[in-house]
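A.B. asks: What follows is a single structure, and I will ask about it in a moment.
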Amino acid sequence: MLSRVLFACVCLGLYSACSSLSCRWMDQKFSQFSGASLDLLDMMVSGHFCIYSHELKDEEVIIIPFPHYLYRQASRAPMEDKVAFMVQILKEVSSLFEEDHVSSSWEEVTEENFLSVINQQADELHSCVRVIHISMWTNTRLHMYFKRLSRTVFGQMGHSREAWELVLKEIKAHLIKADHLVSSLVTRN
């Protein structure tokens, strides 16, 4: 009996130590990776085409309202929920790139580097949250927003350069908001 209690205490202690160590990444490296992802995104956008360089007719303008309210909710949530929200954003962004992007004109290496940075951010942030918590926490509205963004933009415009311009603009807005959300965690801890 005593050995079981001792084993449970050791496991809890190791879990706590590992948990705090993994969250040091958020304090020390997240902003570096966030800056790198934004730089790579800018390279994909500005290096190959100008945002809104084309003339869209009024009936072609696609508006997908940015989910500001979800970020407001996340900003008031406990730390683990904020981090889980961040992980979901990064995974949703990564899944957008699974779309057919034959018409995109950025270099494949830039996209691979961007996805590598995004996926590493998601993995490292995931390590800051208990596995049970993150698997139970998914914001359905956030997922539906990204689905609607993909269906609407790519559905109406195909996978054209213009469609990718709109999607990349939305991704950049999410990454900037996500950076602010994590920064609020870092300054509090």
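A.B. asks: Kindly indicate whether Y71 is over 16 Å from C128 (Cβ atoms), surrounded by 11 or more Cβ atoms within 10 Å (Cβ to Cβ) and modelled with pLDDT of 85 or more.
C.D. replies: When the stated conditions are applied, Y71 passes them.
A.B. asks: When you check I118 against the structure, is it modelled with pLDDT under 85, surrounded by 18 or more Cβ atoms within 10 Å (Cβ to Cβ) and part of a helix (DSSP H, G or I), yes or no? Steps first, please.
C.D. replies: On the way: modelled with pLDDT under 85: no; surrounded by 18 or more Cβ atoms within 10 Å (Cβ to Cβ): yes; part of a helix (DSSP H, G or I): yes.
In short, no.
A.B. asks: Could you list, in sequence order, all residues of region 159-177 that are under 29 Å from V83 (Cβ atoms) and charged (D, E, K, R)?
C.D. replies: Passing the criteria: K169, E170, K172, K177.
A.B. asks: Out of all the residues in region 139-189, which are closer than 17 Å to Q73 by Cβ and buried (at least 16 other Cβ atoms within 10 Å of the Cβ)?
C.D. replies: N139, L142, Y145, F146, H174, K177, A178, L181, V182, L185
A.B. asks: With the checklist (1) at pLDDT below 85; (2) assigned to a helix (DSSP H, G or I) in hand, flag the one item M144 doesn't pass.
C.D. replies: (1)
The values are calculated or read from the model by the stated rules, or taken from the named source; none is laboratory data. Please read these numbers as outputs of a predicted model, since none were measured by experiment. As a convention, Cβ positions derive from the backbone with ideal geometry for all residues, glycine included, and neighbour counts pool all protein chains shown.
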